[in-house]
Amino acid sequence: MKTLADVMVGDFSAIVKLHGEGALRRHLMDLGLTRGTAFTVVKVAPLGDPIEIRVRGYELSIRKEEAAIIEVG
């Protein structure tokens, strides 16, 4: 399973599935990270956390642990 945390800077991908449950899953969905949503990884902090992505016309920073539960394809 490839996750958002595995996508390289500058690469384009789409969300296949959100794993996890509860408040974290709801939070990611509220940010617009839903199945089929396309995104581009803009940059990654020097220690790998957070990850900045461009999604739905805005830029969003998410933690590496959040990115690890987002399956992409």
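Of all residues in segment 45-63, those satisfying the criterion of being open to solvent by less than 80 Å² (accessible area, probe 1.4 Å) and either assigned to a strand (DSSP E or B) or closer than 14 Å to Leu4 by Cβ (or both) are Gly48, Asp49, Pro50, Ile51, Glu52, Ile53, Val55, Leu60, Ser61, Ile62.
For segment 25-73, a residue qualifies if it is over 15 Å from Ala14 (Cα atoms) and in contact with a His (Cβ under 9 Å, 6 or more places away or on another chain), and the qualifying residues are Arg25, Glu66. If the condition is being without any contact (Cβ under 8 Å) to a residue 24 or more places away in the chain, surrounded by 12 or more Cβ atoms within 10 Å (Cβ to Cβ) and more than 14 Å from Ile69 (Cα to Cα), then segment 1-44 contributes only Thr37.
The values are calculated or read from the model by the stated rules, or taken from the named source; none is laboratory data. Owing to the predicted nature of the structure, the values given are computational and were not obtained by experimental measurement. Neighbour counts are summed over all protein chains in view; Cβ atoms, including those assigned to glycine, are modelled from backbone coordinates with ideal geometry. What goes into the accessible areas is simple: the full protein's heavy atoms, side chains included, and nothing from ligands, DNA or RNA. Shrake-Rupley method; radii C 1.70, N 1.55, O 1.52, S 1.80 Å.
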